[in-house]
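As structure tokens, the structure follows; a few thoughts come after it.
The values are calculated or read from the model by the stated rules, or taken from the named source; none is laboratory data. Everything quoted here is computed from the prediction, not taken from an experiment. All Cβ positions, glycine included, derive from the backbone under ideal geometry; neighbour counts span all protein chains shown. Please note that ligands, DNA and RNA were not included when accessible areas were found on the heavy atoms of the full protein model with its side chains. Shrake-Rupley method; radii C 1.70, N 1.55, O 1.52, S 1.80 Å.
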Amino acid sequence: MELITGATGYVGGRLLERLSREGRTLRAVARDPSRLDTHAPGLDVVGGDLVTGEGLERALDGVSTAYYLVHSMEPAAGAVDFSSRDRLAAEQFVAAAQAAGVERVVYLGGIVPTDGGLSPHLSSRLEVEQILLEGLPRSTALRASIVIGARSSSFRILVRLVERLRLLPFPGWRDKRTQPIDERDAVEYLARTPRTPGAEGRSLDIAGADLLSYGRMIERIADLMGVGRMPVRLRASATLAASAVVSRVTEQPLELVRPLMYSLEHDLLPRSDEAPGIYGLTPRGFDRAVEHALAEWETLEPLGAR
């Protein structure tokens, strides 16, 4: 039995679809079970909350591998900030998993900046990774930067900017670099992890085939959408003010946009390129990932710029 936490989220939902197609025996835990497709083949749905610990004993009963795909991006609730909630959830989950005899956890976090500059959200992701690996030593932590997919929040923000702005402001972080990963590759890494002995007890960076600057990423998205956009180079980053503007333009919550924009101020590059060899995967390129994501997007809703 495999458990998916965060199954109502973007990556968790995609993983649920992938594992269901393979016929694997699955359980999902969600605060609101009604948001899950309870008719998915072989899926057992359990109500639970990782922060309060409610339902964890039932969710973990008989589980060999648990996917930990829960992150807090909401505004702070009272005096408890997102990092405290994430820490509490991870600690409670590890304790419950140990008691249930879970063999390993598979976690998806974020690539750490090469210059050591950690945003609060990336710091929290790293702390959760450490809690999981220390508490359940056979676990695997995968780290990714931008995931390219029709429902990926970071990708949708970039597409909305291209769609709605004829003049594209390129702040000081435009030359910072990363290796975005195709959603299909990220999900495949997750799906293969329980059956990949070489990934046990490790933290591995997963990335796409192409290394690009953030400025070049936006230019390529505009080209693949078939629109002409004029880049406007700015000297400063001004992330605090710019994130508020981006939030309004893209109609995405500020508490989501701001941490994503802070992460753009650093190179987000994999520590090594060993993951594809360990998993036997050949990562897709950026253009192929974007074209696939845009094609799916247009089956869901129209894109004004195409």
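Miscellaneous remarks
- Identity of the residue in region 158-181, in a loop (DSSP other than H, G, I, E, B) and open to solvent by less than 30 Å² (accessible area, probe 1.4 Å), that ends up modelled with the lowest pLDDT: PRO171
- When residues of region 93-107 are limited to those that are closer than 17 Å to THR52 by Cα and of a type in the set (Gly, Ala, Ser), the one most open to solvent (accessible area, probe 1.4 Å): ALA99
- Any hit, region 271-290, residues being within 17 Å of ARG216 (Cα to Cα), open to solvent by 50 Å² or more (accessible area, probe 1.4 Å) and not in a loop (DSSP other than H, G, I, E, B): yes
- Scan of region 54-83 for residues that are at pLDDT below 90 and among the aromatic types (Phe, Trp, Tyr), ordered by number: PHE82
- Subset of region 257-306 [of a type in the set (A, V, I, L, M, F, W, C), closer than 24 Å to PRO113 by Cβ and in contact with a helix residue (DSSP H, G or I) (Cβ under 6 Å, 6 or more places away or on another chain)]: VAL257, LEU260, MET261, LEU264, ILE278, VAL290
- On inspection, GLU255 fails the criterion of being assigned to a loop (DSSP other than H, G, I, E, B) and surrounded by 15 or more Cβ atoms within 10 Å (Cβ to Cβ).
- Checking each residue in region 194-213 for being in a helix (DSSP H, G or I) and surrounded by fewer than 23 Cβ atoms within 10 Å (Cβ to Cβ) picks out PRO194, ARG195, PRO197, GLY198.
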